[in-house]
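Read-outs: derived from the displayed coordinates by stated rules, not from any lab. Since we're looking at a predicted model, the values are computed, not measured. Heads up, the Cβs are rebuilt from the backbone with ideal geometry, glycines too, and the neighbour counts pull from every protein chain shown.
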Amino acid sequence: MKKYLTIFLLLLTAFIISNFAISNIFLAQSPKINPFFAQNMMTKVSGFWSRTGSFFAFRSSTDNKQQAGNGSSNNNFFNLFKGDSNETNDIDLQENQPAETEPIVAQTGLSPLSQEIEDALATPLKEISQGVYAGEKDSYQVYEVKVDEIDSTVYTFNVNGKQIKIRVPKDKQPPTQEEVELIFK
Amino acid sequence: MYIGPFYFDTKELFLIIAALLLGVAWALGWPLWWFDKRALLTLVVLMLITKGLLPSIHNEAFFILALVTIFLSLYLPVFQVVLFYFVSFLMFRLLKVI
């Protein structure tokens with residue numbers, strides 16, 4: 001019985017390895033090796049570390065805020081997903097912070113922004129082109145792109161069996177299949 | 001059974017007959033449901049070579065590997081199946097399963 005289990009596990013491992021190799025190491029299900037394999041792996045690994053770092057930075061900042069406030073053991077990060085708005089509001093009131101700070105921190109997952117940046121973000125923006133808004137305060141320039149307001153066409157590309165949708169403004173040329181493969185490979 | 005200086009056991013003979021049949025089917029254009037004849041022939045040749053190179057391999061594990069590989073050829077591209085076969089065979093050998 002142990003022998004059959006070993007065989008099954010080895011076959012499963014081999015299948016996973018071959019699947020990974022086909023989609024990452026080799027090009028277009030052929031023996032040609034992807035020249036960007038190492039680069040892609042580095043990007044994936046660094047992206048993973050970056051996301052993990054942001055997650056821990058956010059956890060750390062929210063934990064510190066709670067400790068400085070009421071010392072409660074409630075976890076603010078998980079409260080966002082629970083949808084328990086009462087507890088979140090309690091924390092906001094106790095900390096007496098501007099109401100705009102929390103959503104920005106929650107959306108970006110970064111540590112709280114400096115007061116200067118907060119002031120710059122509060123600057124009223126003017127529309128400079130369709131769907132693009134800009135403003136300036138002191139040395140900061142703020143841009144906001146509202147994708148839904150831009151007249152665009154959605155193009156669907158197939159890269160390595162995955163469908164990738166790209167929204168292109170109507171007055172712009174769509175990218176070629178080769179360009180999309182280079183970006184999303 | 002000896003053919004010249006080479007010894008063939010029953011399973012090897014059946015594998016050779018299967019390879020010959022596939023070759024004939026491919027040459028004469030006989031239909032073979034679902035399976036790609038060229039892919040099957042490639043796999044059978046690879047199996048004959050690996051089995052020929054390592055005559056002491058354990059037949060049961062090799063039989064399971066061959067069955068799974070042939071079955072996967074129904075769904076996966078040939079190169080992935082060949083890769084799967086070689087990776088499995090290498091791991092079987094390293095862990096002394098065959």
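Within 10 Å of each Cβ of B:83-92, how many other protein chain Cβ atoms are there on average? If you can, show how the numbers build up before the last one.
Numbers: counts 11, 9, 2, 2, 9, 9, 2, 3, 7, 5.
That works out to 6 on average.
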Among A:Tyr133, B:Tyr75, which comes first, second and so on when ranked by fewest other beta-carbon atoms within 10 Å?
B:Tyr75, A:Tyr133
Each label sits 7 Å from Cα toward the beta-carbon; between B:Leu94 and A:Glu144 the label points are separated, in nm, by 5.5 nm
Neighbour-count ranking [beta-carbon atoms within 10 angstrom, fewest first] of A:Glu136, A:Glu181
A:Glu136, A:Glu181
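For each of A:Ile117, B:Ile49, count neighbouring Cβ atoms within 10 Å of the residue's Cβ, then give the residues from fewest to most. Please report the intermediate quantities before stating the final value.
On the way: A:Ile117 14, B:Ile49 10.
Listing A:Ile117, B:Ile49 from fewest to most nearby Cβ atoms yields B:Ile49, A:Ile117.
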Computed label-point distance, nm, for sites A:Leu125 and A:Ile164 using a 7 Å Cα→Cβ extension
2.6 nm
Amide H neighbours of A:Asn34 at under 5 Å, excluding residues fewer than 5 places away on the same chain, with H built from the backbone geometry, are A:Phe26, A:Leu27
Could you derive backbone 3J(HN,Hα) for region A:25-42 from the dihedral phi with the Karplus parameters 6.51, -1.76 and 1.60 (θ = phi - 60°), listing whole Hz in sequence and x where the residue is Gly or Pro?
7, 9, 9, 6, 6, 10, x, 5, 7, 5, x, 9, 4, 4, 4, 4, 5, 4
Among B:Trp34, B:Leu94, B:Phe62, whose Cα sits farthest toward the positive end of the charge dipole of region B:2-94 (+1 at Cβ of Lys/Arg, -1 at Cβ of Asp/Glu, about the Cα centre)?
B:Trp34
Sequence-distant or interchain residues sharing an amide H contact under 5 Å with A:Val142, placed H: which?
A:Gly135, A:Glu136, A:Lys137
Calculate the FRET efficiency for A:Lys172 and A:Thr52 from the Cβ-Cβ distance with a Förster distance of 51 Å, rounded to the nearest 0.05.
0.90
Cα gyration tensor, chain B - rounded (a/c under 1.5), prolate or oblate:
oblate
